[in-house]
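A.B. asks: Sharing a structure here in structure tokens format.
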Protein chains: 2
Amino acid sequence: MPDRAAARPPRDGAWETLASAMADLRALQGAVCLLQWDQETYMPPRGAEARGEQLAAIQAALHERLTSPRVAEALDRAEQDASDPDRAAMIRALRFDHERAARVPPDLVRALAQAQAEGVDAWKDARAQNAFQVFAPRLERLVALRREQADALMPVLERSSRRQVSPAVRAQGQADEPAPERARGTGGAGFIAPPARSPPGQANEPGPERATGGPGGAAPPSKIEAYDALLDGYEPGMRVARLAPLLEHLVGWLVPVVEKLERAPRPDASFLEGTFPAEAQWRFTLELLAILGFDPGAGRQDRSVHPFSLGLDPSDVRLTTRIFEDQPLSAIFSTLHEGGHGLYEQGLAAADRRSVLGAAPSMGLHESQSRLWENLVGRSLPFWRACLPRLARELPRLAGVPVDSFHRAANRVERSRVRVDADEVTYNLHIALRFELELALLRGELRVRELPDAWSARSEALLGLRPETDADGVLQDIHWAQGDLGYFPTYTLGNLYAATLYAAAEREIAGLGEAIAQGDLAPLRRWLTEKVYRVGRRKDAEEIVRDATGEGLTDRDFERYLKTKYGALYGVAL
Amino acid sequence: MPDRAAARPPRDGAWETLASAMADLRALQGAVCLLQWDQETYMPPRGAEARGEQLAAIQAALHERLTSPRVAEALDRAEQDASDPDRAAMIRALRFDHERAARVPPDLVRALAQAQAEGVDAWKDARAQNAFQVFAPRLERLVALRREQADALMPVLERSSRRQVSPAVRAQGQADEPAPERARGTGGAGFIAPPARSPPGQANEPGPERATGGPGGAAPPSKIEAYDALLDGYEPGMRVARLAPLLEHLVGWLVPVVEKLERAPRPDASFLEGTFPAEAQWRFTLELLAILGFDPGAGRQDRSVHPFSLGLDPSDVRLTTRIFEDQPLSAIFSTLHEGGHGLYEQGLAAADRRSVLGAAPSMGLHESQSRLWENLVGRSLPFWRACLPRLARELPRLAGVPVDSFHRAANRVERSRVRVDADEVTYNLHIALRFELELALLRGELRVRELPDAWSARSEALLGLRPETDADGVLQDIHWAQGDLGYFPTYTLGNLYAATLYAAAEREIAGLGEAIAQGDLAPLRRWLTEKVYRVGRRKDAEEIVRDATGEGLTDRDFERYLKTKYGALYGVAL
């Protein structure tokens, strides 16, 4: 290598160009995050139009920096000899971001931004009128443009049959329910869902063949398709050929579990009825963040209509929650969920803050941390042994409630039509439904106008419920209106990674349950920080999980977790 | 003209380039404002370093857009035929901003930013140690760099002996006391102060010759100097040759007025002693903003250590205030002051929001509106006839106070060492002091190490008080530490313009006093909106005031206002 290096211009120049570009990109991304955060928290109502322009201007500057010929040229030079592993990882990640940004023609970027804005407007109108046809033409346009974008991105996927190290450059934020006003990146947003080629099943008998309409088997394992190119923007390296069989298997054992739990008696939750003062709930959510170990010197919580989290920087992480006085569990689990995202962001290595490595490698892995802290920790018995007395100090009406009863009430399982109301058992069925349909749309196997019927049929098959209206069916989520085709599966990937990581933490951390029952979450947080958060984009999501646990992407730990926990809670053999 | 136009390339291309550049500049400026606002309101403590990087990255993008060769070329082409008056004004304003940004070499821009950051750090240390010498080397460096910047900007001033239309591109914000963390623009910041050539006067006898050490007379009226180039960044078109004699005249009649008022009995303010709950004060400040007509749909008020206002856009204006439970007047006048800035920002024409015209033409004119609403309106008897009953509802301890007594207490005059504690009578003496000294520094007539002694001597001459320590003397303001040489005089220009505008409003608006006494401020706000706010940068500050009032820059209205008001309040012939 040294001889070759001597023949080239000095690499230091290339490296300095890349380092300076990365620092600029991170700083501009941080600014985008702040503008988005403010938009959902403090911005006065009439500020929306100007905010859109401010975001567009910064994103244009970001795009310009990322796609500049100087960066391309420096990448070419630096790639020739990146023996330092960190530099190699940076170059790989920056190359990925650069290629995804540079491959999409500017006209298409603009058309997508326009179609997304119009999509959200039409979606709002359609919901208000409860009429899918109001939204359908806009969705058709979005599907067509996203397919066009996917075509442009194909060469990136073919090049990177090697491992990828991260989602396209965009704000580091995690919105549980992206708000309508939320700024949309111009980068890739793509989803992977199994084919809906075979007619959706109607019967209620369990079994993978019925439940998913046969996804996965239809996708040739090694052929890259349009959906892959979109998915790659959220979950780098993930492919339909991998995801579809996994979801098929998951649905296969999940549907009968839900059916058995549905027949068992409901846990009592009457003590959660009534009114619980907002201020007391708010104080408790701040206490929860302190228990989690969220650093208030490097972040804050505010209120918003839709809870979300945004990492401007490891030293400045913004969370939001919302409070309903008649649903005391809502703010609690919303805070734990966003708090999990927040721990990830605060746990990124400070030394990576000016580098492309200082970010999570995928949306799914990020989501694994919200799910882990919300569900695996936050809906566990030891956690409430530590926290229920503190909650009862803020909400004295809960003072007499036994911890077992509270734990059962926090883990009620119930089929619902609406994804955001779903418990952790039924949740992934909502995702499977969306994955199937959006994959079929992108493959041209399903037309937009057929979507409501297909939704109804598949909802019945997976969840045993048909929507009563478009608003609680195909119009319930904002994702497609924003052009976010390919995003939904990352929610399920998050659930699966969370279970695998937590199972390993239980094996590796002696006395974890006892520590949690004492309110001591530091051992778990330290383990996750070391194994996951600090790694940043040095590895892809699955590699991080495998190195931490010995297991790659699998539904085995999730299956064991759900069956053990809910079997015991409901007294049912699962 | 048509024949010439036909021979040139189509101007539409040039115009589109300029329109798109202006829209980008405005959007990026709005983003800068939000980052600054958040920095002083909600940013977690450890976020400061990343915030600095975010601001620098956006400001670099702003600078790049503004100085791009495409913009320069489009300006050249568009200037050849700008028959539409609005387009002509836009081209003039954009040319001004472009020239000021493009003339300063990038290395100097970086050196200034660095020196400003180090200046603020050293200033903080020096204050903590009460030792000017800790700060002196940094200030020397800042003065040298600012002089170098002024040299680079000279050609712009020479070119624009014609009228100028606005301060250099920077955030639209107005900070009363720029906070240490406040982002610093890389544009010009310059001050005009009379020469300290003749030894500072010691005696106490009134008269212009003594009081100012003879400013103005020394500056050849038509010669441009370094200070002018800095001043031009805050108050376009203003020159030392114009400002120095004006301040000399002002000081000449002001010093004897202060002396007479100092000898009169103090108004009673004992009813303002004690504790006034913060929440009640806060509610009243919001009520005040409503009375002013500040639109809460297009802005908001928050709390910060140093009150300030920032206009992201006419539809999104951020104000802050601060509350002291033992000083109930503090929040009231801080809110009225920032509210005045806010009315200006909200009153800019919505149609100008993507244009360089949608901004105030100078810092002085902006300040005129904070002073007008805070002092001319907010410290008047009619205003408190309307508002004291409302205040007493929030602060019941004030329920029995007669409005005359409250009015007198709100207009106490007292010499103080610290500018921010000064009343409206003594305030401009603090400005004259700073103007003299910073002008002498830039002219090389005063060395930085001589500054504390010169401050002491001139403070004694102007205010009859010497500082007891550096901290309440030469180290009291952050401005110089930020490199803001040339800013201070805009405060006095604001006071003068405010008086002239208000005198005209009283002449033109029938029953103005009666309306105010009814709490109806709409007639005044409408008049100012039409005459001042909506004009934006179409005219320079003095032209706007002259067109509105028939008077240009003068201290005559201010003199009449102060002498009439305080003569009556104190029962003294002034």
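A.B. asks: Mind checking whether some residue in the stretch B:327-345 is within 30 Å of B:Leu75 (Cβ to Cβ) and within 14 Å of another protein chain (Cβ to nearest Cβ)?
C.D. replies: yes
A.B. asks: Another question about this same structure. For the stretch B:389-413, enumerate the residues that are of a type in the set (A, V, I, L, M, F, W, C) and more than 13 Å from B:Phe271 (Cα to Cα).
C.D. replies: Within the stretch B:389-413, B:Leu391, B:Val413 qualify.
A.B. asks: Now, a different point. Suppose we filter the stretch A:82-114 for residues that are over 29 Å from the mean Cα position of the chain (by Cα) and surrounded by fewer than 16 Cβ atoms within 10 Å (Cβ to Cβ); how many remain?
C.D. replies: 2
A.B. asks: While we're on this one: Hey, A:Met43 hits all of (1) in a helix (DSSP H, G or I); (2) at the interface with chain B (Cβ under 9 Å from one of its Cβ atoms); (3) not β-branched (Val, Ile, Thr) but one; which does it fall short on?
C.D. replies: The one condition A:Met43 does not meet is (1).
A.B. asks: Looking for something surrounded by fewer than 21 Cβ atoms within 10 Å (Cβ to Cβ) and polar (S, T, N, Q) - is there at least one such residue anywhere in the stretch B:395-412?
C.D. replies: Among the residues of the stretch B:395-412, at least one is surrounded by fewer than 21 Cβ atoms within 10 Å (Cβ to Cβ) and polar (S, T, N, Q), which makes the answer yes.
A.B. asks: Of the conditions (1) away from chain A (no Cβ under 14 Å); (2) under 26 Å from B:Pro382 (Cα atoms); (3) modelled with pLDDT of 95 or more, B:Pro256 fails just one. Which one is it?
C.D. replies: It is condition (2) that B:Pro256 fails.
A.B. asks: Output the helices (runs of 4 or more DSSP H) that fall wholly within the stretch A:496-574 and possess 1 or more residues being at pLDDT 95 or above, under 30 Å from A:Glu262 (Cα atoms) and aromatic (Phe, Trp, Tyr), or say none. Reasoning before the result, please.
C.D. replies: On the way: elements: A:512-517, A:522-531, A:541-549, A:556-570.
In the stretch A:496-574, A:556-570 are the helices (runs of 4 or more DSSP H) which contain 1 or more residues that are at pLDDT 95 or above, under 30 Å from A:Glu262 (Cα atoms) and aromatic (Phe, Trp, Tyr).
A.B. asks: Taking the criterion of being part of a helix (DSSP H, G or I) and among the hydrophobic types (A, V, I, L, M, F, W, C), would at least one residue in the stretch A:80-87 satisfy it?
C.D. replies: no
A.B. asks: Give the residues of the stretch B:311-326 that are away from chain A (no Cβ under 12 Å), under 20 Å from the mean Cα position of the chain (by Cα) and part of a loop (DSSP other than H, G, I, E, B), sorted by residue number.
C.D. replies: If the condition is that a residue be away from chain A (no Cβ under 12 Å), under 20 Å from the mean Cα position of the chain (by Cα) and part of a loop (DSSP other than H, G, I, E, B), then B:Arg322 is the only one that fits.
A.B. asks: What number of residues within the stretch A:356-394 satisfy the criterion of being outside any helix (DSSP H, G or I) and closer than 17 Å to A:Val532 by Cα?
C.D. replies: Keep residues of the stretch A:356-394 that are outside any helix (DSSP H, G or I), which gives A:356-362, A:378-380.
Cutting the leftovers down to closer than 17 Å to A:Val532 by Cα gives us A:356-362.
So the count comes out to 7.
A.B. asks: Considering only the stretch B:229-286, how many residues are touching a Leu at 6+ places or on another chain (Cβ under 6 Å), aliphatic (A, V, I, L, M) and assigned to a loop (DSSP other than H, G, I, E, B)?
C.D. replies: Of the residues in that region, 1 qualify.
A.B. asks: As an exercise: evaluate A:Phe294 against (1) within 14 Å of chain B (Cβ to nearest Cβ); (2) part of a helix (DSSP H, G or I) and give the number of the one condition it does not meet.
C.D. replies: For A:Phe294, the failing item is (2).
A.B. asks: Filter the stretch B:388-405 down to residues that are in contact with a helix residue (DSSP H, G or I) (Cβ under 6 Å, 6 or more places away or on another chain) and free of Cβ contacts under 8 Å to residues at least 40 places away in the same chain and give me whichever is farthest from B:Glu325 (Cα to Cα).
C.D. replies: B:Val403
A.B. asks: Modelled with pLDDT under 95, surrounded by 15 or more Cβ atoms within 10 Å (Cβ to Cβ), part of a helix (DSSP H, G or I) and at the interface with chain A (Cβ under 9 Å from one of its Cβ atoms): does that describe B:Ala31? It would help to see each step written out before you state the result.
C.D. replies: Details: modelled with pLDDT under 95: no; surrounded by 15 or more Cβ atoms within 10 Å (Cβ to Cβ): yes; part of a helix (DSSP H, G or I): yes; at the interface with chain A (Cβ under 9 Å from one of its Cβ atoms): yes.
The answer is no for B:Ala31.
A.B. asks: Take the residues in the stretch B:419-447 that are of a type in the set (Gly, Ala, Ser) and under 24 Å from B:Tyr497 (Cβ atoms); name whichever of them is surrounded by the most Cβ atoms within 10 Å (Cβ to Cβ).
C.D. replies: Step by step, filter the stretch B:419-447, then rank; the result is B:Ala432.
A.B. asks: Is it the case that some residue within the stretch B:265-274 is within 28 Å of the chain's Cα centre (by Cα) and buried (at least 17 other Cβ atoms within 10 Å of the Cβ)?
C.D. replies: Scanning the stretch B:265-274 turns up no residue that is within 28 Å of the chain's Cα centre (by Cα) and buried (at least 17 other Cβ atoms within 10 Å of the Cβ).
A.B. asks: Right, next: Quick check on my filter: what residues within the stretch A:420-452 are at pLDDT 95 or above, in a helix (DSSP H, G or I) and charged (D, E, K, R)?
C.D. replies: Within the stretch A:420-452, A:Arg434, A:Glu436, A:Glu438, A:Arg443, A:Arg449, A:Glu450 qualify.
A.B. asks: Which of the residues that make up the stretch B:480-498 are closer than 14 Å to B:Phe558 by Cβ and in contact with a Ser or Thr (Cβ under 9 Å, 6 or more places away or on another chain)?
C.D. replies: B:Leu493, B:Gly494, B:Asn495, B:Leu496, B:Tyr497, B:Ala498
A.B. asks: Do we find that A:Arg95 is touching a residue at least 12 places away in the same chain (Cβ under 8 Å), at the interface with another protein chain (Cβ under 9 Å from one of its Cβ atoms) and charged (D, E, K, R) in this structure?
C.D. replies: no
A.B. asks: Only one residue in B:Ala21, B:Ala7, B:Ala14 is more than 10 Å from chain A (Cβ to nearest Cβ), out of contact with any strand residue (DSSP E or B) (no Cβ under 9 Å at 6 or more places or on another chain) and either at pLDDT 95 or above or on the phi > 0 side of the Ramachandran plot (or both). Which one? Step through it out loud before you land on a result.
C.D. replies: Numbers: B:Ala7 fails: either at pLDDT 95 or above or on the phi > 0 side of the Ramachandran plot (or both); B:Ala14 fails: either at pLDDT 95 or above or on the phi > 0 side of the Ramachandran plot (or both).
Within the list B:Ala21, B:Ala7, B:Ala14, the selection yields B:Ala21.
A.B. asks: Then there's this: Which of the residues that make up the stretch A:54-84 are farther than 21 Å from A:Val104 by Cα and either within 9 Å of chain B (Cβ to nearest Cβ) or in contact (Cβ under 8 Å) with a residue 24 or more places away in the chain (or both)?
C.D. replies: A:Gln54, A:Arg77, A:Ala78, A:Gln80, A:Asp81, A:Ser83
A.B. asks: Only residues that are outside any helix (DSSP H, G or I), free of Cβ contacts under 8 Å to residues at least 60 places away in the same chain and not charged (D, E, K, R): list them for the stretch B:297-310, please.
C.D. replies: Pass one, the stretch B:297-310, residues outside any helix (DSSP H, G or I): B:299-310.
Right, trim to free of Cβ contacts under 8 Å to residues at least 60 places away in the same chain and you get B:299-301.
The answer is B:Gly299, B:Gln301.
The values are calculated or read from the model by the stated rules, or taken from the named source; none is laboratory data. From a predicted model like this one, the values you see are computed outputs, not experimental measurements. Neighbour counts run over all protein chains shown; Cβ positions are idealised from the backbone, glycine included.
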